[in-house]
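Everything on this sheet refers to the single structure shown next.
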Amino acid sequence: MRWVTYEAGDGPRTGLVDGDTVRGLAAGVTLLSLLGDGGERLAEAGAAVRRDPAEVRPLHGVRLLAPIPRPPSIRDGLCFLDHLRGCYRALGRTEDLHPAWSQTPAFYFGNPAAVVGPYDDVPIAPGSNWFDFELEIGAVVGRGGRDLHPDTAEQHIAGYMFFNDWTARDHQVRDMAQGIGMGKSKDNAITLGPALVTADELESYRRDGRLDIEVCAAVNGREVARGSLATADWSYGELLAFLSRGTELRPGDVIGSGTIPGGCLLEHVDTPDPAVFTGWLTPGDTVVLSAPALGETRQTVRPAEPVTPLRTGF
């Protein structure tokens, strides 16, 4: 099943994509409210809306929002170590990765208030000149739990969608210098969508125990990256097991896979000084993430809002 949250003029609705149409549930029923019991409510809602929808609208006639517009929490992992190696190379760093990267998967907490839909315009982060996208897959927790086992943790995932944590790389340099993790560099926008594709629909993509979902990113029609979730150094089972260690994962929590290698502009910096790299996103650029399994996001970059200095020069 492919579940969407959409707007057609009378407030957000939840619906099931059926070919070129959306079969809507009753007003007030959210996708988040259908999660939490191992998928039974979601399956029942799917059968009911196929049989007797509250409304049927053409897909092209609605505005798709993020499937979970305000997740309870967002965590973004770093499961592809070749992405990190690519970033190191672009920044002129020659050292090997610290052993910690192979001991546990890294992650940061994202901002649920920053979530935007799959076709929404995205303004450049205020004050940024090195604006970037990231090609990732997001998993939505369907059944909560804590201290999950890596062999069974994927059973807690309701489905998957694109996850794009737009990044101000110049702000990230300052975040890293302050040493307490991601801050304003990741606070601007997170794209989720276009649909929550339920886990059962993607089982045909499973190879040797992993989902071999191939995804692609393009900027202004030029392909920037292509890769598969199956090549991750840390599986989703391992990531969820680590994230739930000593704490609770809740239905609707969104978990990012980390960036597919090559799936951001930083990895393509071709000059010793990133400030003179001509590839950073600028107003009017169009970023498309696509996959046969997940659909497509298509977004236009817009100018940043002006910055009010905190102090002179800052």
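Points worth noting:
- Only a single criterion out of (1) within 28 Å of Gly36 (Cα to Cα); (2) of a type in the set (Gly, Ala, Ser); (3) in a strand (DSSP E or B) is not satisfied by Gly227, namely (1).
- From Asp132, Asp76, Asp121, residue being over 18 Å from Arg302 (Cβ atoms) and touching a strand residue (DSSP E or B) at 6+ places or on another chain (Cβ under 7 Å): Asp76
- Within region 33-61, the set of residues being surrounded by fewer than 19 Cβ atoms within 10 Å (Cβ to Cβ) and part of a helix (DSSP H, G or I) comprises Ser33, Glu40, Arg41, Ala43, Glu44, Ala47, Ala48, Arg50, Arg51, Leu59, His60, Gly61.
- Leading residue by the ranking (nearest to Leu148 (Cα to Cα)) among those in region 219-269 that are among the hydroxyl-bearing types (Ser, Thr, Tyr) and touching a residue at least 40 places away in the same chain (Cβ under 8 Å): Ser244
- Count of residues meeting criterion [among the charged types (D, E, K, R) and crowded, with 22+ Cβ neighbours inside 10 Å] in region 181-230: 1
- For region 253-273, the set of residues classified as of a type outside the set (A, V, I, L, M, F, W, C), more than 13 Å from the chain's Cα centre (by Cα) and at pLDDT 95 or above consists of Pro261, Gly262, Glu267, His268, listed by residue number.
The values are calculated or read from the model by the stated rules, or taken from the named source; none is laboratory data. Keep in mind it's a predicted model, so treat the numbers as computed, not measured. Don't worry about glycine lacking a Cβ; one is built from the backbone with ideal geometry, like all the others, and counts go over all protein chains shown.
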